[in-house]
Amino acid sequence: MSVNVRLWRPAAQRGVRNGFSMIEGARLKWEEASSRGLAAATGIVNAHLSGRYLGQWDLGVLSDLEGIRECAAKKLQWQQGTYAEKLQDALEDLVASLASMDEAAASIRMYVNEIDTPSKGSPSPLGENRNENVIPVYGALPLSAFENWARETVDMFHRELKVKIHQARVMSQR
């Protein structure tokens, strides 16, 4: 095993650990933003339903006040707008955390691009060509396995964000 490979492996392991640690940090931010978005979406729906059925509610002694239903309807519309802004903020935070995940997944790969390409016939840490003798980063897994795992994880969040954006658009059209 050459000196380059002995120096490369600990650095590659550190890159994998740091990359997945950054993905985990971004995932925690994703969960927090997702929770805020769900709360905002719930608020929008509740305000909409309350406004929809406001005319059917028995307000008791408050019914004697002039314009109470109109005032309540305006307040519910204002609440919908406030919740829509909160939902937009949550979606922006989701996009930001996803960008952090993309950057973290790419950082695992960046280190590989910086190493010297081994001579022909020697093991390649890249693992791009499956016919080559690939140098494992941990045990028997090459760096490409970790890169693919990180990419698949981040792609899952990309798909989830597309669904959430679609749902937000549908809600805003109502």
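Every read-out reported here was derived from the displayed coordinates using simple, explicitly stated rules and does not represent laboratory data. Just so you know, these numbers come straight off a predicted model, no measurement behind them. Cβ: placed from backbone, ideal geometry, glycine included. Neighbour counts: every protein chain shown.
Candidate cross-link partners of Lys29 among the lysines, defined by an alpha-carbon separation under 27 Å and a same-chain spacing of 8 or more, comprise Lys86, Lys162, Lys164. Residues within the reach of a label modelled at Leu59 (point 7 angstrom out along Cα to beta-carbon, backbone nitrogen below 17 Å), restricted to the stretch 71-87, are 71-79.
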